[in-house]
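Structure first, then comments.
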Amino acid sequence: MNITLNVWRQPDQKSQGQFQSYPATGISPDMSFLEMLDAVNTMLVKKGEEPIAFDHDCREGICGSCGMVINGRPHGPERGVATCQLYMRHFKEGDTITLEPWRANAFPVLKDLVVDRTSFDRIIQAGGYVSVDTGGVPDANCIPIPKVKAEEAMDAAACIGCGACVAACKNSSAMLFVSAKVSQLALLPQGDAERKQRVERMIAQMDKEGFGGCTNTLACEAECPKKIPVTHIARLNREFLRAKLT
Amino acid sequence: MELNSKIPEGPIEKKWDNHRFAMKLVNPANKRKYHIIVVGTGLAGASAAASLAELGYQVTSLCYHESPRRAHSIAAQGGINAPKNYKNDGDSVWRLFYDTVKGGDFRAREANVYRLAQVSGSIIDQCVAQGVPFAREYGGLLDNRSFGGAQVSRTFYARGQTGQQLLLGAYSALERQISKGTVKFYDRREMLDLVVIDGQTRGIIARNLRDGSIEAYIADAVILATGGYGNVFYLSTNAKASNATAIWRAHKRGALFGNPCYTQIHPTCIPVASDYQSKLTLMSESLRNDGRIWVPKKVGDKRNPREIPEEERDYYLERRYPSFGNLVPRDVASRNAKAVCDEGRGVGETGLAVYLDFADAIKRNSKAWVEEKYGNLFDMYHEITNENAYETPMRIFPAVHYTMGGLWVDYNLMTTIPGLYVLGEANFSDHGANRLGASALMQGLADGYFVIPYTIGDYLASSKFQQITSDHPSFSDAKRDVEQANEKLVSIRGNKTVDEFHKELGKILWDYCGMGRNADGLKKALEMIPKLRDEFWKNLRVPGSSKSMNPELEKAGRVADYMELAELICADALHREESCGGHFREEYQTEEGEAKRNDEKFSYVAAWQFNGVGQPETLHKESLTFEYVKQAQRSYK
Ligand SMILES: Cc1cc2nc3c(=O)[nH]c(=O)nc-3n(C[C@H](O)[C@H](O)[C@H](O)COP(=O)(O)OP(=O)(O)OC[C@H]3O[C@@H](n4cnc5c(N)ncnc54)[C@H](O)[C@@H]3O)c2cc1C
Ligand code: SF4
Ligand code: FES
């Protein structure tokens, strides 16, 4: 099939960007979205033009590298998939597809569709861990953890740190991302000792990075490729309150 | 050059303990005087960087990703082994050791494998303490499953996302050290050269991928934890950016390359659909616990699989290997899939696929049961192929997955260049000629958490280091060379893209050095590769500048290295006139078509020394002795 791409091109962080239009011809519905972009890039390279820069690596929805706003929606029209898991069969002949980078103050654009999400790492640095050094820990089966709790912790831990939640949110809030980590560790006995500092520090860092507040629009949950539910935000709020009260 | 593997004295159970006692220690107050660079933040790199910083060393960590958490390890699905024997099914350190040596087809160093088995239990403890949400039973204790090449259940897992959860554990330990200032982390940096001064490793040259600037990093020791090179084949299950550049450039600086031809071709991947395919997707080996592999008995049977009656199906693994059945090791499963497809019994449009069928598991248990265990894999399969595997069997085919070969290291994980260490998939150790499932995660974390923190101290404490700065000619020369090489790539201005060259190279390797290899084919490949390499340097097109973010240039540098590495892979495969594990030389097989080793001639590690591009490399041999596991023909019957 033949489609038209309308792509945000920006040479570097300092320059102004603009939309540019490119034809994508001879696209097979069984191509992945990124394979379609590969094809367009091959055409551009052959013409001696710079290909469209986008982050990607695993191409199976787990590394969290890829991510672009496709026709206004982070990771595109399908629910529960990252951009790399999207297939062209979800588009039709003659479509015009608009591609933009994540837009958020805390995610500056580095080039075209590539943004800098290191603010997420700094939030983790603020407390997204259990303070244990290597060695000297108890046997793994020492502390039983009820299956239901372990599963819920795993649901939260499934976050791939892609930033779609931020891109989807009109306030550019990182609450879903932060809540996923806080929730995972709050559900496990291993995370208990540092519960209070963890939530306080991570939230403080989130504010410092320039992410906005949460006004419960639920846009994040709708666009999250791992379907992380907003119930984790509720738990985060409880954790935060509890930390403030104790 | 004399290869000294530095295997400690004593009985195998005591070697590691004896060695830990014999090694020199760095006094706690002195540790902060030493500076260590860790390249790579996958399981091996992140665990090493965090653990070394905890000990008090000054650590610099870098990777080409935006965040340490994006390393390829994140994609591992199935699980991680440890002989905890929580299942009471007869597992032990000894059994894991035995399975791994046998699984590797007697081409690994016994002492290393034993140590790996010994420390693996601590890995699970460590990960649980970090908050890794492993799968659990209703009683709250940890659950296990089985993987190929083993008859016990020793694989720990976190749904189909084990690598992700283990990496996030190691990443959180690393981020904790970064926040304390004990690790300095640099994102989007690609190491492009190693700096060796007076025979000692003293640093690296890296490109800042954000702006193209070339930077020098100085240290007292360098650790490469840069992953495998399966992408030399173009199509593989590896992440797109996984590459050989760090180890290849270290090889060119003098580090020997061990067993480059040992490649693992994983039996259960989604088949290639067409030539725009950019990568292959693995369907976790855990599926072989409950899925049954078959093809039609008749050649060219194109009926819908559900219409093929039971008696007209050939469950060829169950038939040929009754005791291991669908859980034979990967090399055996892949080779058998190739064999039935070669006979014309392959399925799907291309005929290059076999069925992996869950109908019996669904009948025996329920669809819900299968869904709980493998739901995410079925979803992934559906997303890619648009087929519902609950109703029709999955189609699978082998794909390049893992490289057992890598830089040669001694028992301390040090290469032939003093002060250069290699961990994880990037080294050649532990897996011999074939890796068992769920053992790479184990090895990466063993190397990083429990081996390197001890062995590196011995080197630092017993070496003298000159004070140097980045003005040192070795640094400035290396920097200039790297700049010139990048400039060269953007200035060729030819007609072919990096991917076009890469695909051509991959096809040569897949055709002549893939699942089946023979002397004629390998010789042909050895003629084709240098020609392609010449064309690459004349006809490549890389738009943009070397002094800005330029993903096309990044790919070009990696493919330039593959053009050299591919030649070594084929030369190694040609010289090894035997079949072992993943290296199947068609001329050397038993009557039943199994791999036939030649222990008299080839019971050694082939460690190659670089002599210049296009020049034959010099072979050094580390002979392997098997004192504890008797060398025998592997049998999974
Ligand atoms: C799809 C898939 C599933 C798998 N499932 C399993 C499983 O279930 N169980 C199992 O045991 N194994 C599994 N494996 C294998 C296992 O995941 C890998 O072998 C292992 O994760 C490799 O870890 P590593 O730390 O050595 O390297 P990697 O995770 O590959 O990390 C490499 C790191 O090095 C960096 N790097 C590389 N080169 C440079 C450079 N030049 N400059 C700067 N940085 C550089 C990268 O940025 C990255 O941080 C699987 C592999 C695949 C492909
Ligand atoms: S919560 Fe979801 S959308 Fe947000 S970073 Fe995690 S995976 Fe991405
Ligand atoms: S490329 Fe890894 S999540 Fe999309």
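The values are calculated or read from the model by the stated rules, or taken from the named source; none is laboratory data. Quantities reported herein were computed from a predicted structural model and do not represent experimental measurements. Here Cβ is always computed from backbone atoms with ideal geometry, including for glycine, and neighbour counts include all displayed protein chains. Remember, those area values only see protein heavy atoms, side chains included, never the ligands or the DNA or RNA. Shrake-Rupley method; radii C 1.70, N 1.55, O 1.52, S 1.80 Å.
Points worth noting:
- The stretch B:226-269 - residue that is in contact with a Phe, Trp or Tyr (Cβ under 6 Å, 6 or more places away or on another chain) and aliphatic (A, V, I, L, M) and, of those, nearest to B:L413 (Cα to Cα): B:L256
- Test: residue in the stretch B:414-421 that is of a type in the set (S, T, N, Q) and more than 16 Å from ligand 1 (Cβ to nearest atom): yes
- In the stretch A:33-45, the count of residues that are farther than 20 Å from A:P11 by Cβ and away from ligand 3 (no atom under 15 Å from the Cβ) is one or more.
- Candidates B:Y262, B:Y276, B:Y234, B:Y217, filtered to the one that is out of contact with any helix residue (DSSP H, G or I) (no Cβ under 8 Å at 6 or more places or on another chain) and open to solvent by 10 Å² or more (accessible area, probe 1.4 Å): B:Y217
- Exactly one residue among B:I12, B:I74, B:I7, B:I36 is farther than 25 Å from B:T416 by Cβ and of a type in the set (A, V, I, L, M), and that residue is B:I74.
- Residues in the stretch B:181-208 that are over 22 Å from the mean Cα position of the chain (by Cα) and either small (G, A, S) or surrounded by 22 or more Cβ atoms within 10 Å (Cβ to Cβ) (or both): B:G181, B:V183, B:F185, B:V195, B:G199, B:T201, B:R202, B:G203, B:I204, B:I205, B:A206, B:R207.
- Inside the stretch A:46-69, residues that are among the aliphatic types (A, V, I, L, M) and more than 13 Å from ligand 3 (Cβ to nearest atom) make up a count of 3.
- Test: residue in the stretch B:67-89 that is within 16 Å of ligand 3 (Cβ to nearest atom), free of Cβ contacts under 8 Å to residues at least 12 places away in the same chain and buried (at least 23 other Cβ atoms within 10 Å of the Cβ): yes
- Filter result (more than 11 Å from ligand 2 (Cβ to nearest atom) and either open to solvent by less than 10 Å² (accessible area, probe 1.4 Å) or modelled with pLDDT under 95 (or both)) within the stretch A:124-158: A:I124, A:G127, A:G128, A:G136, A:A140, A:I145, A:A150, A:A153, A:M154
- Test: residue in the stretch A:159-167 that is surrounded by 20 or more Cβ atoms within 10 Å (Cβ to Cβ), in contact with a helix residue (DSSP H, G or I) (Cβ under 7 Å, 6 or more places away or on another chain) and within 7 Å of chain B (Cβ to nearest Cβ): yes
- Hey, A:D112 open to solvent by 10 Å² or more (accessible area, probe 1.4 Å) and away from ligand 2 (no atom under 16 Å from the Cβ) or not: no
- Those residues of the stretch B:292-324 which are over 35 Å from the mean Cα position of the chain (by Cα) and in a helix (DSSP H, G or I), in sequence order: B:R306, B:E307, B:E310, B:E311, B:E312
- Meets criteria (touching a helix residue (DSSP H, G or I) at 6+ places or on another chain (Cβ under 7 Å) and away from ligand 1 (no atom under 16 Å from the Cβ)) for A:V45: yes
- Total residues in the stretch B:399-420 satisfying the condition of being under 18 Å from B:F610 (Cα atoms) and over 9 Å from the mean Cα position of the chain (by Cα): the figure is 9.
- Residues satisfying the criterion are present in the stretch B:471-480 (criterion: of a type outside the set (A, V, I, L, M, F, W, C), away from ligand 3 (no atom under 16 Å from the Cβ) and in a loop (DSSP other than H, G, I, E, B)).
- Annotation: A:E78 fulfils all but one of (1) more than 16 Å from ligand 3 (Cβ to nearest atom); (2) open to solvent by 40 Å² or more (accessible area, probe 1.4 Å); (3) more than 8 Å from chain B (Cβ to nearest Cβ); the unmet one is (1).
- Qualifying residue in the stretch A:209-218 (condition: within 29 Å of B:A76 (Cβ to Cβ) and either outside the structural domain of A:V132 (by TED's automatic domain parsing) or more than 16 Å from ligand 1 (Cβ to nearest atom) (or both)): no
- Taken as a whole, the stretch B:352-372 holds no residue that is open to solvent by less than 10 Å² (accessible area, probe 1.4 Å), in contact with a strand residue (DSSP E or B) (Cβ under 7 Å, 6 or more places away or on another chain) and aromatic (F, W, Y).
- Screening the candidates B:E425, B:E391, B:E387, B:E383 for the property of being assigned to a loop (DSSP other than H, G, I, E, B) and under 30 Å from B:K240 (Cβ atoms) yields one hit, B:E387.
- Condition broken by A:V199, with the remaining ones in (1) in contact with an Asp or Glu (Cβ under 6 Å, 6 or more places away or on another chain); (2) open to solvent by 20 Å² or more (accessible area, probe 1.4 Å) satisfied: (2)
- Taking the conditions (1) more than 8 Å from every other protein chain (Cβ to nearest Cβ); (2) open to solvent by 10 Å² or more (accessible area, probe 1.4 Å); (3) not in a helix (DSSP H, G or I) in turn, B:Y138 satisfies each one other than (1).
- Leading residue by the ranking (nearest to the other protein chains (Cβ to nearest Cβ)) among those in the stretch A:85-105 that are within 17 Å of the chain's Cα centre (by Cα) and open to solvent by 10 Å² or more (accessible area, probe 1.4 Å): A:Q85
- Count - residues of the stretch B:167-194 that are in contact with a helix residue (DSSP H, G or I) (Cβ under 6 Å, 6 or more places away or on another chain) and in a helix (DSSP H, G or I): 10
- Condition broken by B:R330, with the remaining ones in (1) away from chain A (no Cβ under 14 Å); (2) modelled with pLDDT of 95 or more; (3) touching an Asp or Glu at 6+ places or on another chain (Cβ under 9 Å) satisfied: (2)
- Where helices (runs of 4 or more DSSP H) sit wholly within the stretch B:496-608, those with at least 1 residues that are under 30 Å from A:V45 (Cα atoms) occupy B:498-513, B:519-539, B:551-575.
- Output for the stretch A:7-40, where each listed residue is more than 10 Å from chain B (Cβ to nearest Cβ) and open to solvent by 50 Å² or more (accessible area, probe 1.4 Å): A:K14, A:Q16, A:Q18, A:F19, A:Q20, A:S21, A:P23, A:T25
- Considering the stretch B:62-96, and only residues there that are in contact with a Gly (Cβ under 9 Å, 6 or more places away or on another chain) and away from chain A (no Cβ under 12 Å), the residue that is farthest from ligand 2 (Cβ to nearest atom) turns out to be B:V93.
- Matching residues in the stretch B:578-630 - criterion: being within 26 Å of B:V93 (Cβ to Cβ) and of a type in the set (A, V, I, L, M): B:V605, B:L624, B:V629
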